[in-house]
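Just below is one structure, and these are the notes that go with it.
The values are calculated or read from the model by the stated rules, or taken from the named source; none is laboratory data. Just so it is clear, the structure is predicted and the values come from calculations on it, not from any experiment. Cβ placement follows ideal geometry from the backbone for every residue including glycine, while neighbour counts extend to all protein chains displayed.
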Amino acid sequence: MKKIHVTIWNEYVHEQAQSPAGEYIRKIYPKGIHRYLAEALAADDLEITPVSLDQPEQGLPDELLNRTDVLLWWGHCAHAEVKDELVDRIQKRILAGMGLIVLHSGHLSKIFRRMTGTACRLRWREAGEKERLWVVSPSHPIALGIPETFVIPNHEMYGEPFDIPQDGKIVFMSWFEGGNVFRSGVTFERDRGRIFYFSPGHETFPVYHDKVIQRILGNAVRWAAPSEYVPDRITPQPEPPETIRTENPLAKLDTSALHR
Ligand code: ZN
């Protein structure tokens, strides 16, 4: 079986914080969100590598990135520490075919903003309120086997307006106890790459312990995995499939210098 190579990147800051909040989060994710998800998503068809910002080359050396089929991204307070050079390399890999799954507060990550081209701002509130999600695209592969509606008992509210491009396809919508609504699961396509933004996953609630959430992420990994890579985006002028009979008025003008 050809395995999908999955890399789970986590900034891994909150889980190591020496504070009461850090201790609380460590009870939910003792080895960090990345390692928790690596164990939760383990399956025969996946080869999963959890990495973090504090590792050499910020967790993503070329050798690893260039064999990653799907990259999961959890970040919150350290977005600015991620080097632009790394964002360039990830973007290039996505455009060639790698899938990207952006989790929760990753909406403000450099890579998500790079890929959307928008500010990705949203409203938020930490009141530990109930979130109800709805599947709005039941035929989408990411919604396979997911109940039409389900509840996260306590979560951080993320609300509209959410500044993402209008070409996003909505798979999940959320309603919050306080009255807000949010596009909580949205897909994008950028060149050869598939992108899924999924908002559940605030660090102080055990959201990733939920089997429905795990199933959604597993579905998303398989949906985002590329069937092929097309690494060079600049292709030479192909031979036309039809014969061109129109006389080219610029035939005698050398325009080759304009294309360098
Ligand atoms: Zn959060």
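Considering only residues that are in contact (Cβ under 8 Å) with a residue 60 or more places away in the chain and either surrounded by 23 or more Cβ atoms within 10 Å (Cβ to Cβ) or part of a helix (DSSP H, G or I) (or both), which ones fall in the range 96-108? Lay out the reasoning, then the answer.
Initially, the range 96-108 is screened for residues in contact (Cβ under 8 Å) with a residue 60 or more places away in the chain, giving 96-107.
Of everything in the range 96-108, those that are in contact (Cβ under 8 Å) with a residue 60 or more places away in the chain and either surrounded by 23 or more Cβ atoms within 10 Å (Cβ to Cβ) or part of a helix (DSSP H, G or I) (or both) turn out to be 96, 98, 99, 100, 101, 102, 103, 104, 105, 106, 107.
Quick check: is even one residue across the range 208-229 surrounded by fewer than 13 Cβ atoms within 10 Å (Cβ to Cβ), modelled with pLDDT under 95 and assigned to a loop (DSSP other than H, G, I, E, B)? Give the steps one after another, and end with the answer.
Taking the range 208-229 first, the residues surrounded by fewer than 13 Cβ atoms within 10 Å (Cβ to Cβ) are 209, 211, 227-228.
Remaining after also requiring modelled with pLDDT under 95: 227-228.
Restricting the remaining residues to those that are assigned to a loop (DSSP other than H, G, I, E, B) gives 227-228.
The answer is yes, given that some residue of the range 208-229 is surrounded by fewer than 13 Cβ atoms within 10 Å (Cβ to Cβ), modelled with pLDDT under 95 and assigned to a loop (DSSP other than H, G, I, E, B).
Yes/no matrix, rows are residues, columns are (1) in contact with a Pro (Cβ under 6 Å, 6 or more places away or on another chain); (2) among the acidic types (Asp, Glu); (3) part of a strand (DSSP E or B):
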{"residue": "156", "(1), (2), (3)": "no, yes, yes"}
{"residue": "188", "(1), (2), (3)": "no, no, yes"}
{"residue": "194", "(1), (2), (3)": "no, no, yes"}
{"residue": "241", "(1), (2), (3)": "no, no, no"}
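Check residue 90 against each of (1) closer than 25 Å to residue 204 by Cα; (2) surrounded by 14 or more Cβ atoms within 10 Å (Cβ to Cβ); (3) more than 16 Å from the ligand (Cβ to nearest atom) and name the one condition it does not meet.
For residue 90, the failing item is (1).
Could you list, in sequence order, the residues of the range 185-208 that are within 16 Å of the ligand (Cβ to nearest atom) and either on the phi > 0 side of the Ramachandran plot or not small (Gly, Ala, Ser) (or both)?
197, 198, 200, 201, 202, 203, 204, 205, 206, 207, 208
Quick one: which residue in 164, 152 is surrounded by 15 or more Cβ atoms within 10 Å (Cβ to Cβ) and either over 17 Å from the mean Cα position of the chain (by Cα) or on the phi > 0 side of the Ramachandran plot (or both)?
Working: 164 fails: either over 17 Å from the mean Cα position of the chain (by Cα) or on the phi > 0 side of the Ramachandran plot (or both).
Only one candidate passes the filter, namely 152.
Report whether or not residue 258 is among the hydrophobic types (A, V, I, L, M, F, W, C), closer than 26 Å to residue 68 by Cα and not in a loop (DSSP other than H, G, I, E, B).
Numbers: among the hydrophobic types (A, V, I, L, M, F, W, C): yes; closer than 26 Å to residue 68 by Cα: no; not in a loop (DSSP other than H, G, I, E, B): yes.
No: the conditions fail for residue 258.
Go through the range 109-133 and count every residue that is free of Cβ contacts under 8 Å to residues at least 60 places away in the same chain and surrounded by 17 or more Cβ atoms within 10 Å (Cβ to Cβ).
Result for the range 109-133: 6.
Mind checking which residues of the range 109-124 are part of a loop (DSSP other than H, G, I, E, B) and within 12 Å of the ligand (Cβ to nearest atom)? Can you show your working first?
Taking the range 109-124 and keeping what is part of a loop (DSSP other than H, G, I, E, B), we get 109, 117-122.
Hit for the range 109-124 is 122, nothing else.
Residue-wise test of (1) crowded, with 20+ Cβ neighbours inside 10 Å; (2) of a type in the set (D, E, K, R).
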| residue | (1), (2) |
| --- | --- |
| 18 | no, no |
| 27 | no, yes |
| 39 | no, yes |
| 51 | yes, no |
| 64 | no, no |
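Sort out which residues of the range 43-71 are in a helix (DSSP H, G or I) and either out of contact with any Leu (no Cβ under 7 Å at 6 or more places or on another chain) or among the basic types (Lys, Arg) (or both), and write them in order of number. Outline the logic, then answer.
Filtering the range 43-71 down to residues in a helix (DSSP H, G or I) leaves 56-59, 62-65.
Hits for the range 43-71 are 56, 57, 62, 63, 64, 65.
Name every residue in the range 171-184 that is under 18 Å from residue 113 (Cα atoms) and either away from the ligand (no atom under 16 Å from the Cβ) or of a type in the set (A, V, I, L, M) (or both), in order of residue number.
Matches in the range 171-184: 183 only.
Yes/no per residue for (1) among the β-branched types (Val, Ile, Thr); (2) within 16 Å of the ligand (Cβ to nearest atom); (3) part of a loop (DSSP other than H, G, I, E, B):
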residue: 94; (1), (2), (3): yes, no, no
residue: 126; (1), (2), (3): no, yes, no
residue: 129; (1), (2), (3): no, yes, no
residue: 142; (1), (2), (3): yes, no, no
residue: 147; (1), (2), (3): no, no, yes
residue: 152; (1), (2), (3): yes, yes, no
residue: 166; (1), (2), (3): no, no, yes
